[in-house]
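Chemist: Before I ask anything, here is the structure I am working with.
The values are calculated or read from the model by the stated rules, or taken from the named source; none is laboratory data. No experiment lies behind these values; they were computed from the predicted model shown. A quick note on method: Cβ atoms are made from the backbone with ideal geometry, for glycine too, and the neighbour counts reach across all protein chains shown. Accessible surface areas use protein heavy atoms only, side chains included; no ligands, DNA or RNA. Shrake-Rupley method; radii C 1.70, N 1.55, O 1.52, S 1.80 Å.
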Amino acid sequence: MVSVVTSGAVCGIESFLVQVEVDVSGGLPGLELVGLLSSEVREARERVRVALKNAGVFLPPMRITVSLSPADVRKQGSAFDLPIAAAILVNLGCLNKEEVQDAVVVGELSLDGRVKPVRGILPIVLEARRQGKTKCIVPVENEQEAGLIEGISICPVGHLKELFCCTEEEDGIGQEDVVRIRKREKSDLPQSCQKVQLPDFEELGGSVRVRRAAEIAAAGFHHMLMIGPPGSGKTMTAKCMPGILPPLDQEESLEVSAVYSVAGLWQGRSGLMESRPFVSPHHTITPQALTGGGSIPRPGAVSLAHRGILFLDELTEFKRSTLDLLRQPLEEKKICIARSYGNYTYPAEFMLVAAANPCPCGYYPDLRRCRCTENEIRRYLGRISGPVLDRIDLCVETNRLEFSELKRKQGGGQTRENSSSIRTRVMLARRRQEERFRDSGILFNAQMGMKELERFCALGESDQQFMQQAFERMALSARAYHRILRVSRTIADLEGAERIERRHLSEALSFRTGMREK
Amino acid sequence: MGERIEYACWLHHIPGIGNKTIQKLVEYAGEEKEVYELSEKAAGQLLTKRQLQSFLLWQRTREPGRVYEQIQRKRIRFLPCFSEQYPEQLRNIPDRPYGIYLAGKDIPKQTGLTALIGARRCSAYGERMAERIGRELAEHGIGVISGMARGVDGIGQWAAIEAGGYTVSVLGCGVDVCYPPENRRLYERCLSEGTLLSEYVPGTQPEAGNFPPRNRIISGLSANVIVVEAREKSGTFITVDMALEQGREVYAVPGRLTDTLSAGCMRLISQGAQIFWSVEEMSECPGQKLKSEGTAGKESWEDAEKRLLQNGLGDSLERELYGLCDCYPRSLMELYEMLNQKEGGRKVPMEQVVQAIMNLNVCGMLTETGKNYYYRRV
């Protein structure tokens, strides 16, 4: 007799369901696993055998064959222990077939029969719901994560015994010991994660220009570069930025949560991701850590920053080869990792916020303090790869803080705007963009292509002339010109203006990325 | 005579044997040809061991005719000090070069030359001044001589060539080597419209030690020396010292007391250098005057302001911002702060300032050096 239990596995950020089939028949006694398994799945044999024994089930001296299908997809991870055990239990008659018929079972087993948490629960449960399953049997530690998905019941198990003891009443286990597979009510779960205390723009010193640039970048999801001397508040500004981005909506939140689930970074959270991720890798980051990878691919920094901010501090210190890896994700909003046994695609739609010093000493163009030679400066900025720079819409210079600024920080003087009021404006601008790009697959101004630029960024006669003059005088490239149009669209949106006007263009021009056009 | 040049060229080419040693050898032997024929023993009395080795090697392996032919094939001319074409002004300076190499045009005898030198890393003000003076000199028919270095040197020479003038680049490497590489375009223009000059054998690489001595040639060839910008400790002073030793007039372009880059010029002035005021007022410029000075680009600030008003561009904010700009670059932030500190109480929002500045920039009233650093066009 063949028994079947459904389980799930993760590939990239997507997941697929796996049928675990078990047959017990005569022959040389043993437990055999087939189905293109990686070594950690093959090791399930020992774990399952011992865990079953310790849970009080002795395997009969028969040949047990376990097959995981589809057989041509490589299966990885430790989540197959529990479904294999469950399928064997069903086959041996220790577990009701009905219990697991419409369920997806995942979990790792320890030798004493306890069920341990696994990575990537969220996408598996999502896939289960999509395929019409009604129940998910998951490790108890993964309960909260799995419980985030509506419309499917979650049964947490902490021990292998909990799976089958309910059906074993006659066999000596007392009624009072019986723990039914619990179905948790949704209301038990805490709905939102704790608010992380983000730094607020109110506390931030620095010039109006930087604040303004941050606001524009947040409103149009533009990539941003800050250049300035050390201690001019570049890092602080970046850290404040998640606070002015609009919160994630339901769908985005699921996407981001799925990435974190696959990356195994869910522990300790209770609820979907609500605030946008802020990922700030150190400049010594390896290419694999940035893009994702490893022999068993996992999402890298670009994917962990999905729908949030990827902050690269000291941009010039990053290795050129590492930075160049950003080109694909910046262009295609996703990253593909190819391995011999398959391709993995992770989402990577992030907002790049970068900070750099203008020269090795950091003080250029203040010639009183900067002692770097022309060559040093050129070489320093030359380290940033052109193609990456080409995709950055906004560039802002930060200034050294003056004493008056510091004093203002400690109270006294006028107060600055706080993050939430900036966020209100950002949200309004976002709403305008949503309206404009409805049904076009575009979310933000930063994503506008040529067609949209023509449609939504039409200029008046005199403004066109102004831009032509600017184009010639500032020696802009075609790409730079389009970037300026996109940014001015966002500036106009922030203001609520229907058309792009001279003042919007002027401001966008002042934020253009021209490191040094000499 | 033709032969003598060949021998002189051969002698000049020997590595390790410099100006003074050549002088000694020639004095001892009588003429270049005899130097070539010197015996090992005789040469050994005058040369160090290493020099002697290199001398003997050259005696054995290089033929004077071939050496001379090689440089001629590169279209480089060699002028030893006994040549008639050897510049007269150089003949009388202390430690005159035994021979010089020229590429490009000959140095015209009747054109006066003025040295235009200064800091390699100059400020925007220095750039402007170098450009302006270079142009004015060209317009007055005076050649500009300098070292083709980064900064003031190169900018001044470029401006002179652009204005149709003549310029001499005195290099610290062979005349067939372009250093610094950024000045490639200037190098090419010098080759076609000006002169490249060096006392180093063609092919010599730019070594640090080569540069100070070439400064004596710069000052030696010029009638006046104009210093545009220099820090207190600057290589420019080597040229100035040489110029004073050679009896040339030194002019300094004044700057502000607070600018480190002008400190050297201020020091020069306090020590008695003349203030550079205009080309006409420089004493004894032997060049013939071209027509009256050109008007292009020589608009005074007052005129520029008038034009701005006439064009109807300037609203009051633009005019005010233009007034705040200087010939030293100011950042957008600085201008914004200056504007808002001016009369207390008033607060002009950043957006307006940006718009006004961009307007001024786009219509050409301001020039942008680094990003968002502006100065008035002079």
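Chemist: If I take every Cα pair under 8 Å that is 6 or more residues apart in region A:329-478, average their sequence separation and divide by the length, what percent do I get for the relative contact order?
Modeler: Relative CO of region A:329-478 lands at 9 percent.
Chemist: In debye, nearest 20: dipole of region A:2-188 around its Cα centre with unit charges on the Cβ of K, R (+) and D, E (-)?
Modeler: I would put it at about 400 debye.
Chemist: Taking only Cα atoms, what is the 0 to 90° angle, nearest 10, from helix B:332-342's long axis to the longest principal axis of chain B?
Modeler: Helix B:332-342 sits at roughly 50 degrees to that axis.
Chemist: Over region A:22-112, with a single point scatterer placed on each C-alpha, what log10 of the ratio I(q)/I(0) does the Debye formula yield at q = 0.10, 0.13, 0.17, 0.20 1/Å?
Modeler: -0.23, -0.40, -0.70, -0.99
Chemist: State the dimensionless ratio Rg/Rh of region B:94-228 (Rg: radius of gyration of Cα atoms; Rh: Kirkwood radius).
Modeler: Looking at region B:94-228, the ratio lands at 0.93.
Chemist: I'd like the FRET efficiency for A:H283 and B:Y28, computed as 1/(1 + (r/R0)^6) with the beta carbon distance as r and R0 of 56 Å, rounded to 0.05.
Modeler: Rounded to the nearest 0.05, the efficiency is 0.30.
Chemist: In addition: Charges at C-beta only: +1 for Lys and Arg, -1 for Asp and Glu. How large is the resulting dipole of the protein assembly as shown about its Cα centre, in Debye rounded to 20?
Modeler: Here the protein assembly as shown has a charge dipole of around 1220 debye.
Chemist: Between region B:1-24 and region B:100-133, what's the alpha-carbon centroid distance in Å?
Modeler: When both Cα centres are located, 29 Å separates them.
Chemist: What angle, in degrees between 0 and 90 and rounded to the nearest 10, separates the Cα long axis of helix A:419-436 from the longest principal axis of the Cα atoms of chain A?
Modeler: Approximately 80 degrees, to the nearest 10.
Chemist: For q values of 0.06, 0.11, 0.12, 0.13 Å⁻¹, compute log₁₀ I(q)/I(0) with the Debye formula on a Cα-only model of chain B, without solvent.
Modeler: Here the Debye-derived log intensity ratios amount to -0.30, -0.82, -0.92, -1.03.
Chemist: Considering only Cα-Cα distances, which of the following residue pairs are longer than 18 Å: A:K97/A:K161; A:K334/A:K451; B:K20/B:K49; A:K116/A:K161; B:K74/B:K105; A:K97/A:K133?
Modeler: Too far apart for the 18 Å limit: A:K334/A:K451.
Chemist: Another question, if that's okay. Modelling each spin label as a point 7 Å along the Cα-to-Cβ direction, I'd like the A:S462/B:T260 distance in nm, to one decimal.
Modeler: 4.6 nm
Chemist: In region A:201-442, carbon and sulfur make up what percent of the accessible area (probe 1.4 Å)?
Modeler: Of all accessible area on region A:201-442, carbon and sulfur atoms account for 49 percent.
Chemist: From largest to smallest, what semi-axes in whole angstrom does region A:248-349 give when each is the square root of 5 times an eigenvalue of its alpha carbon gyration tensor?
Modeler: With the √(5λ) rule applied to region A:248-349, the semi-axes are 22, 17, 12 Å.
Chemist: Please identify every one of the trypsin sites (Lys or Arg not before Pro) in region A:58-144 that sits in a loop by DSSP and has no more than 15 other beta carbons within 10 Å of its own beta carbon.
Modeler: Listed in order of number, the matching sites are A:R74.
Chemist: Between A:H223, B:Y322, B:S123, whose Cα lies farthest towards the positive end of the dipole of the protein assembly as shown when Lys and Arg beta carbons carry +1 and Asp and Glu beta carbons carry -1, centred on the Cα centre?
Modeler: B:S123
Chemist: Using DSSP to define loop residues, name the GluC sites (Glu not before Pro) in region A:438-469 whose beta-carbon has at most 11 other beta-carbon atoms within 10 Å.
Modeler: Sites meeting the loop and neighbour criteria: none at all.
Chemist: Restricting everything to alpha-carbon atoms, can you work out Rg to Rh for region B:1-146 with a Kirkwood hydrodynamic radius?
Modeler: Result: Rg/Rh = 1.10.
Chemist: Which whole-number value in Å² is the accessible area per residue of region A:201-442, probe 1.4 Å?
Modeler: Solvent-accessible surface per residue comes out at 42 Å².
Chemist: Tilt of helix A:208-220 relative to the longest C-alpha principal axis of chain A, in degrees (0 to 90, nearest 10)?
Modeler: On a 0 to 90 degree scale, this one is about 50.
Chemist: Here is a follow-up. Once the Cα gyration tensor of chain A is diagonalised, what are the square roots of 5 times its eigenvalues, in whole Å and ordered largest first, as equivalent ellipsoid semi-axes?
Modeler: Sorted largest first and rounded, they come to 55, 23, 21 Å.
Chemist: Something else: Per-residue ellipticity at 222 nm for chain A, helices alone: DSSP H runs ≥ 4 residues times -39500 (n - 2.57), over residue total, nearest 500 deg cm²/dmol?
Modeler: Helix-only estimate at 222 nm: -10000 deg cm²/dmol.
Chemist: To continue, here is another question. Return the tail of the calculated pair distribution for the protein assembly as shown, meaning the percent of Cα-Cα pairs more than 36 Å apart.
Modeler: Distances greater than 36 Å cover 64 percent of the Cα pairs.
Chemist: How would region A:201-442 be classified by its alpha-carbon gyration tensor: rounded, prolate or oblate, with rounded meaning a/c under 1.5 and the a/b versus b/c comparison settling the rest?
Modeler: Judged from the Cα gyration tensor, region A:201-442 comes out oblate (a/c at least 1.5, b/c at or above a/b).
Chemist: May I pose another question? Report the far tail of the P(r) of region A:2-188, meaning the percent of Cα-Cα pairs longer than 20 Å.
Modeler: Tail of the P(r) past 20 Å holds 50 percent of the pairs.
Chemist: Any idea what diffusion coefficient region A:75-140 gets from Stokes-Einstein, in µm²/s, Kirkwood Rh on alpha carbon pairs, 20 °C, 1.002 mPa s?
Modeler: D, rounded to a whole number, is 174 µm²/s.
Chemist: If you take every residue apart from B:K105 with its C-beta less than 15 Å away from the C-beta of B:K105, what net charge results, scoring Lys and Arg +1 and Asp and Glu -1?
Modeler: Value of the local net charge: +1.
Chemist: A further question follows. Quick one: what Rg and Dmax do you get for region A:221-267 from the alpha carbons, in Å?
Modeler: Reported Rg and Dmax, both Å: 14.9, 40.
Chemist: Right, here's the next one. From the backbone phi of region A:35-46, what are the Karplus-calculated ³J(HN,Hα) couplings (6.51 cos²θ - 1.76 cosθ + 1.60, θ = phi - 60°) in whole Hz, Gly and Pro given as x?
Modeler: Taking θ as phi minus 60°, the curve returns x, 6, 9, 7, 5, 5, 6, 5, 5, 4, 3, 5 Hz for region A:35-46.
Chemist: Counting only protein heavy atoms, what percent of the accessible surface of region A:451-503 is carbon or sulfur at a 1.4 Å probe?
Modeler: Its accessible area is 42 percent carbon and sulfur atoms.
Chemist: What stretch of chain B, leaving out the sites themselves, is the longest with no chymotrypsin sites (Phe, Trp or Tyr not before Pro) in a DSSP loop having at most 16 other Cβ atoms within 10 Å?
Modeler: For chymotrypsin sites (Phe, Trp or Tyr not before Pro) (loop position, at most 16 other Cβ atoms within 10 Å), the longest site-free span of chain B is B:83-276.
Chemist: Across peptide B:249-261, how many C-beta atoms of other chains are within 10 Å of each residue C-beta, on average?
Modeler: The per-residue average across the peptide is 1.
Chemist: Another question, if that's okay. To the nearest hundred square angstrom, how large is the accessible surface buried between A and B, total for both chains, probe 1.4 angstrom?
Modeler: 2600 Å²
Chemist: I would also like to ask the following. Please state, rounded to one decimal and in Å, the Kirkwood hydrodynamic radius that region A:237-295 gives when every pair of distinct Cα atoms enters the mean of 1/r.
Modeler: This gives a value of 13.2 Å.
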